[in-house]
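Working notes, beginning with the structure itself.
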């Protein structure tokens, strides 16, 4: 029985580490002006519905398509994506080169071919950090809507049916953190924590770091509060799971812990109005940045997408620089403007 505690402790440690690392990388990205992808309130409202459609579609496919074939296909696609996610993560510390590119491909290959839980966790860690770093939630209103909507989504699909459990256990790939329940045994049974239970609250926690350090100038107060609340909520989830011997919707515990603790501190500090007016995109923006962002178009031509994929492949092995990629993108935009 003691080995299960090791497994659960590992899952909590990984989740907290992903969110902590991603929060600081997200803030650094915003300080450099990288804020291309932003989730607003109207998009947050549609997330539970979109998630439900995708989840149920996967469930139906698992029911009617041979599991081995479907799992191999999905795992292959996830492994391909994980190569670029791991590359994006590594580039935050080491300049991309042929060696790092081969390392990313090698880890993804090992994960896909052998099902190694260690390789899977490396890719899942990178997936989580990259997702939180590249997509930002605008204001707290959007994150509150997102958390509350997915709170009910999680409860419905876990307690209302076997859909969530079937999909979570039926698909192999770097979309969950794994750890053997018997670390000193055969490693057949594994405890897992889905990336959704890390990324969804991670969006909110990333906001608290910027809000605390750069908007209301209170150091790490709100970020530390959110991290403690998130950690306790995960232990809360694990405790209930052990008591009832049944998988639990983690957001059932995570969302109340996060929102109640944040609101309590905001009320005590008198920062309710500041929280209401907070928008993560405007904290580091200048008027010229906002003008440039307003002028940029959101649609992409098919040629531009192809160029992006090719540039990503070259960048994986360090065969192109960020300046060249930016120059190519600027050239494509200039060409589009001239044609218009």
The conditions are (1) at pLDDT below 90; (2) closer than 29 Å to residue 143 by Cβ, and residue 62 fails exactly one of them. Which is it?
(2)
For the condition surrounded by fewer than 16 Cβ atoms within 10 Å (Cβ to Cβ), under 26 Å from residue 313 (Cβ atoms), free of Cβ contacts under 8 Å to residues at least 40 places away in the same chain and in contact with a helix residue (DSSP H, G or I) (Cβ under 8 Å, 6 or more places away or on another chain), what is the one hit in 90, 94?
94
Among the residues of the stretch 144-188, how many are in contact with a strand residue (DSSP E or B) (Cβ under 7 Å, 6 or more places away or on another chain) and modelled with pLDDT under 85?
3
Residues satisfying the stated conditions in the stretch 14-42, i.e. within 17 Å of residue 202 (Cα to Cα), in a helix (DSSP H, G or I) and modelled with pLDDT under 90
29, 30, 41
Right, residue 57: more than 28 Å from residue 316 (Cα to Cα), at pLDDT 90 or above, out of contact with any strand residue (DSSP E or B) (no Cβ under 8 Å at 6 or more places or on another chain) and loosely packed, with under 13 Cβ neighbours inside 10 Å or not?
yes
Out of 271, 279, I need the residue that is surrounded by 15 or more Cβ atoms within 10 Å (Cβ to Cβ), modelled with pLDDT of 55 or more and in contact with a strand residue (DSSP E or B) (Cβ under 7 Å, 6 or more places away or on another chain). Which one?
279
Checking the structure you have, find out if any residue of the stretch 194-208 is in contact with a helix residue (DSSP H, G or I) (Cβ under 9 Å, 6 or more places away or on another chain), outside any helix (DSSP H, G or I), at pLDDT below 95 and under 22 Å from residue 44 (Cα atoms).
yes
When you look at residue 148, is it surrounded by fewer than 19 Cβ atoms within 10 Å (Cβ to Cβ), in contact (Cβ under 8 Å) with a residue 40 or more places away in the chain, part of a helix (DSSP H, G or I) and under 18 Å from the mean Cα position of the chain (by Cα), yes or no?
yes
Per the filter on the stretch 111-145, residues more than 24 Å from residue 206 (Cβ to Cβ) and surrounded by fewer than 23 Cβ atoms within 10 Å (Cβ to Cβ) are 112, 113, 114, 115, 116, 117, 118, 119
Just a yes or no: is a residue in the stretch 182-189 without any contact (Cβ under 8 Å) to a residue 60 or more places away in the chain, farther than 20 Å from residue 7 by Cβ and part of a loop (DSSP other than H, G, I, E, B)?
no
Check 11, 80 and return the single one that is out of contact with any helix residue (DSSP H, G or I) (no Cβ under 6 Å at 6 or more places or on another chain), assigned to a helix (DSSP H, G or I), surrounded by 18 or more Cβ atoms within 10 Å (Cβ to Cβ) and at pLDDT 90 or above.
11
Identify the single condition in (1) closer than 22 Å to residue 136 by Cβ; (2) part of a helix (DSSP H, G or I); (3) out of contact with any strand residue (DSSP E or B) (no Cβ under 9 Å at 6 or more places or on another chain); (4) in contact (Cβ under 8 Å) with a residue 24 or more places away in the chain that residue 231 does not satisfy, given that it satisfies every other one.
(1)
Pairs, please: C-beta under 7 Å, at least 6 apart or cross-chain, first residue more than 17 Å from residue 192 (Cβ to Cβ) and in the stretch 109-124, second at pLDDT below 95?
110/116; 112/75; 112/76; 112/79
With the condition kept exactly as written, say whether any residue in the stretch 239-252 is in contact (Cβ under 8 Å) with a residue 60 or more places away in the chain, out of contact with any helix residue (DSSP H, G or I) (no Cβ under 6 Å at 6 or more places or on another chain), assigned to a helix (DSSP H, G or I) and under 17 Å from residue 16 (Cβ atoms).
no
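The values are calculated or read from the model by the stated rules, or taken from the named source; none is laboratory data. As the structure is a prediction and not an experimental result, all values here were calculated from the model. Virtual Cβ from ideal backbone geometry, glycine too; neighbours counted across all protein chains shown.
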